[in-house]
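This report refers to the structure that appears directly beneath it.
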Amino acid sequence: MAKIATLITDMFEDVEYTEPAKAFNEAGHELINIEKEAGKKVTGKQGEAVVTIDKGIDDVNPDEFDALLLPGGFSPDQLRGDDRFVTFTKAFMDAKKPVFAICHGPQLLITAKALEGRKATGFKSIQVDMEYAGATVVDEEVAVCQDQLVTSRQPDDIPAFNRESLKLLENK
């Protein structure tokens, strides 16, 4: 089963973390929540989900993980201001490890300059940014690129996002 790193901080979109986390856990995968410091609690922007951080970014190495989850909300925009999170994200793309990014999650991929030549989608307001970053943007509930990158636009797309993410993990 896969060990999945999750980059997350306050103001993440609650269901874009809780629903994939539930699906991954039910399939037997392990999620490790990563922020600036272990033990901290982060809260979703709807106030419905509180997540305890398992590891600080300085205490992890991308080599320890099989896949990466990037929930949306305001979390990715905050995290991409810190080069440690950008470098961590880029390492997964460079190593061709599975990356699952929903809604605003691709903002970390934009800053990591990891979307060039990739088919992807994201929330409507960041699609033009994704195009500027070199992605071929599609307006579909889920985009799977090169058996590595799974992206979706919004919370309504979570069932398709989870389905394709789990399928990709089964094949790795």
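The values are calculated or read from the model by the stated rules, or taken from the named source; none is laboratory data. The model shown is predicted, which means the values in this text are computed figures rather than measured ones. Counting neighbours? That spans all protein chains shown, and the Cβs are built from the backbone with ideal geometry, glycine included. What goes into the accessible areas is simple: the full protein's heavy atoms, side chains included, and nothing from ligands, DNA or RNA. Shrake-Rupley method; radii C 1.70, N 1.55, O 1.52, S 1.80 Å.
Within segment 104-117, residues that are open to solvent by less than 50 Å² (accessible area, probe 1.4 Å) reach partners that are of a type in the set (Lys, Arg) and not in a loop (DSSP other than H, G, I, E, B) with beta carbons closer than 8 Å, at six or more positions or on different chains, in the pairs Ala112/Lys90; Ala114/Lys90. Name the residues in segment 91-103 that are in a helix (DSSP H, G or I), open to solvent by less than 70 Å² (accessible area, probe 1.4 Å) and more than 20 Å from Asn162 (Cα to Cα), would you? Scanning segment 91-103 gives a single hit, Ala91.
Of all residue pairs spaced 6 or more apart or on separate chains, those with beta-carbon atoms under 9 Å, a first member in segment 150-172 that is at pLDDT below 95 and a second member that is open to solvent by 50 Å² or more (accessible area, probe 1.4 Å) are Asn171/Asp147; Lys172/Asp66; Lys172/Asp147.
Write out, first by first residue and then by second, each pair whose Cβ atoms fall under 7 Å of each other, whose residues are 6+ apart or on separate chains, and whose first residue, in segment 118-146, is of a type in the set (Asp, Glu) while the second is not in a helix (DSSP H, G or I). Matching pairs, first to second residue: Glu131/Val137; Asp139/Thr121; Glu140/Thr121; Glu141/Ser152; Glu141/Arg153. At least 2 residues being crowded, with 23+ Cβ neighbours inside 10 Å is the threshold, and among the strands (runs of 3 or more DSSP E) wholly inside segment 1-53 those reaching it are 3-7, 30-35. Taken together, the residues in segment 58-81 that are without any contact (Cβ under 8 Å) to a residue 60 or more places away in the chain and either open to solvent by less than 10 Å² (accessible area, probe 1.4 Å) or part of a loop (DSSP other than H, G, I, E, B) (or both) amount to 4.
Would you call Gly122 farther than 30 Å from Glu26 by Cα and either in a loop (DSSP other than H, G, I, E, B) or modelled with pLDDT of 95 or more (or both)? Here the answer is no, as Gly122 does not meet what is asked.
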